[in-house]
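Participant: Below is the structure I would like to discuss, written out as structure tokens.
The values are calculated or read from the model by the stated rules, or taken from the named source; none is laboratory data. Source: prediction; values computed, not measured. Because the Cβ atoms are built from the backbone with ideal geometry, glycine has one as well, and the counts that use them run over all protein chains shown. Please note that ligands, DNA and RNA were not included when accessible areas were found on the heavy atoms of the full protein model with its side chains. Shrake-Rupley method; radii C 1.70, N 1.55, O 1.52, S 1.80 Å.
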Amino acid sequence: MPAPSRRGLLFGTAAVSAGALLTACTSNEPRAKEPAANNAPAADDKPGTPVTIGFAGPQADHGWLNAINQNAKERAKKYSEVTLEITEGSNDTAAQIGQIQTLINKKVDVLVILPADGKALTQVGLQAMKAGIPVVNLDRVFASPQAYRCWIGGDNYGMGLNAGRFIGERLKDKPGAKVVELAGLDSLELTKQRTQGFDDALKNYPNITKVARQAAEFTVESGQAKMAQLLQAQSQFDALWNHDDDQGVGALRAIAQAGRKEFLMVGGAGAKSAMDAIKADNSVLKATVLYPPTMAASAIDLARALAQKKGVGGLSELEIPASITLYSAVVTKDNVDEYLPTGFS
């Protein structure tokens with residue numbers, strides 16, 4: 001089970017504001033009065049006002065989505081005053097709307113919603129906000145900023161960008177280098193963003209050409225089938241960027257069956273199986289770019305702070321931010337032990 005991120009939002013008492021650090025310096029001048037904003041209440045680990053958080057996510061039919069649910073549940077348990085009302089989750093838009101409306105009718109204090117389809121669920125986000133229930137929009141963004149108070153999610157463009165940079169640096173001295181891409185569902189905007197980031201990174205390496213791309217479906221079976229097609233069509237290449245570690249399990253099977261090992265592979269999302277393979281260093285998989293499901297734990301932190309009318313420790317503002325984009329770190333053999341606790345099954 002993934003642990004809450006240590007790199008996420010600094011809500012604890014260990015967070016020190018820049019103003020506090022500056023006033024600690026020795027000076028002969030009279031100490032300036034602290035700005036009022038620095039005295040704003042910030043969320044910490046101490047029990048506060050009782051809060052009921054409604055959590056609605058899609059069906060956990062994928063390792064990453066299951067990790068989202070687990071992160072939310074475990075984070076809520078950390079706070080004795082937090083009650084988590086969690087739905088079963090559904091990939092059916094109408095069903096998820098119904099689940100969220102049930103939470104609205106229960107008059108929860110805050111809603112955390114990871115919509116199966118951000119555009120399609122925008123209206124129910126607006127409904128909650130109009131009912132006076134603030135919404136933390138998790139990852140897949142609603143079509144209107146009026147449908148949520150705060151958005152927190154991953155950086156799909158950054159995933160592709162950092163995957164491209166890693167591959168580019170590994171191949172920058174190889175003339176005529178070739179790369180291939182195993183994308184996710186092309187119907188999703190996030191897939192297009194990951195591809196765009198990858199392509200933009202490769203523009204910095206004129207010696208590298210992307211020679212093929214296949215779109216899979218974020219499943220083991222689709223990863224295996226589409227990777228087999230790529231291998232059959234391309235007799236030789238130097239690197240593979242795979243958008244998703246779940247479909248990467250299938251991709252690695254196809255690669256092993258074909259007996260191919262002339263290239264390096266970079267995965268995406270941060271599954272524990274991928275990190276274990278990177279640590280073992282016994283396959284083509286050499287790195288994975290994170291899309292951390294720990295964002296769900298941070299969403300619970302944000303929802304709690306929002307309901308208790310508190311800000312974020314380490315920041316001077318009275319309110320939580322309107323938008324938070326997480327960083328897509330690259331996990332390699334050199335740093336895998338640091339990230340393994342966040343790996344999901």
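Participant: What percentage of the solvent-accessible surface of segment 85-217, computed with a 1.4 Å probe over protein heavy atoms, is contributed by carbon and sulfur atoms?
Facilitator: With neighbouring chains kept in place, the figure for segment 85-217 is 47 percent.
Participant: Please work out the FRET efficiency for the pair Gln146 and Gln59, using the Cβ-Cβ distance as r and a Förster radius of 25 Å; give the result to the nearest 0.05.
Facilitator: About 0.40, to the nearest 0.05.
Participant: From the mean inverse distance of alpha carbon pairs (Kirkwood) and the Cα radius of gyration, derive Rg over Rh for segment 55-105.
Facilitator: Reported Rg/Rh, Kirkwood definition of Rh: 1.00.
Participant: May I pose another question? If R0 is 51 Å, what FRET efficiency do you get for Ala280 and Ala95 from their C-beta distance, rounded to 0.05?
Facilitator: Step by step, r from the Cβ atoms, then E = 0.80.
Participant: Please give the charge dipole size of segment 44-86, origin at the Cα centre, charges +1 on K and R Cβ atoms and -1 on D and E Cβ atoms. Round to the nearest 20 debye.
Facilitator: Computed about the Cα centre, the dipole is about 80 debye.
Participant: May I ask for the distance between the Cα centers of segment 255-297 and segment 203-220, given as a whole number of Å?
Facilitator: Distance between centres, Cα-based: 16 Å.
Participant: Per residue, how much accessible area does the chain have with a 1.4 Å probe, in Å²?
Facilitator: Ligands and nucleic acids excluded, the figure is 46 Å² per residue.
Participant: Additional query: Assigning unit charges at the beta carbon (Lys, Arg +1; Asp, Glu -1) and nothing else, what dipole magnitude in debye, to the nearest 20, does segment 115-209 show about its Cα centre?
Facilitator: In total the dipole reaches around 100 debye.
Participant: Need one number: nm distance between label points at Ala212 and Ser187, each 7 Å from Cα along Cα→Cβ, rounded to one decimal.
Facilitator: 2.6 nm
Participant: Please list the radius of gyration and Dmax for the chain, considering alpha-carbon atoms only, with Å as the unit.
Facilitator: In order Rg, Dmax, the Cα atoms of the chain give 22.0, 74 Å.
Participant: Given points 7 Å out from each Cα along the Cα-Cβ axis, report the Asp199 to Glu85 separation in nanometres with one decimal.
Facilitator: Between Asp199 and Glu85, the label points sit 4.5 nm apart.
Participant: Further, regarding this structure: With springs only between Cα atoms under 10 Å, which of Asp92, Asp246, Asp109 fluctuates most in a Gaussian network model of the chain?
Facilitator: Of the options given, Asp92 has the highest mean-square fluctuation.
Participant: Tell me, what are the semi-axes, in whole angstrom and largest first, of the equivalent ellipsoid of segment 58-194 as set by the roots of 5 times the Cα gyration tensor eigenvalues?
Facilitator: Details: eigenvalues 246, 55, 37 Å².
Values for segment 58-194, descending: 35, 17, 14 Å.
Participant: Using alpha-carbon positions, what is the distance between the centroids of segment 149-182 and segment 46-76, in Å?
Facilitator: 29 Å
Participant: When the chain is treated as a GNM, springs tying every alpha-carbon pair under 10 Å, which of Leu302, Leu290, Leu230 comes out with the largest mean-square fluctuation?
Facilitator: Between Leu302, Leu290, Leu230, it is Leu230 that shows the largest mean-square fluctuation.
Participant: For segment 146-235, which GluC sites (Glu not before Pro) are in a loop by DSSP, counting at most 11 other Cβ atoms within 10 Å?
Facilitator: Passing both the DSSP loop test and the Cβ count: no residue.
Participant: How about segment 111-215: which trypsin sites (Lys or Arg not before Pro) there are in a DSSP loop, with at most 16 other Cβ atoms within 10 Å of their Cβ?
Facilitator: Here the sparse-neighbourhood loop sites are Lys119, Lys172, Lys203.
Participant: Pull out the extension gain between Gln236 and Glu317, defined as 0.36 nm times the separation in residues minus the alpha carbon to alpha carbon distance; nm, one decimal. The partial results should precede the final answer.
Facilitator: Working: separation 81, 0.36 × 81 = 29.16 nm, distance 5.37 nm.
Roughly 23.8 nm would be gained on extension.
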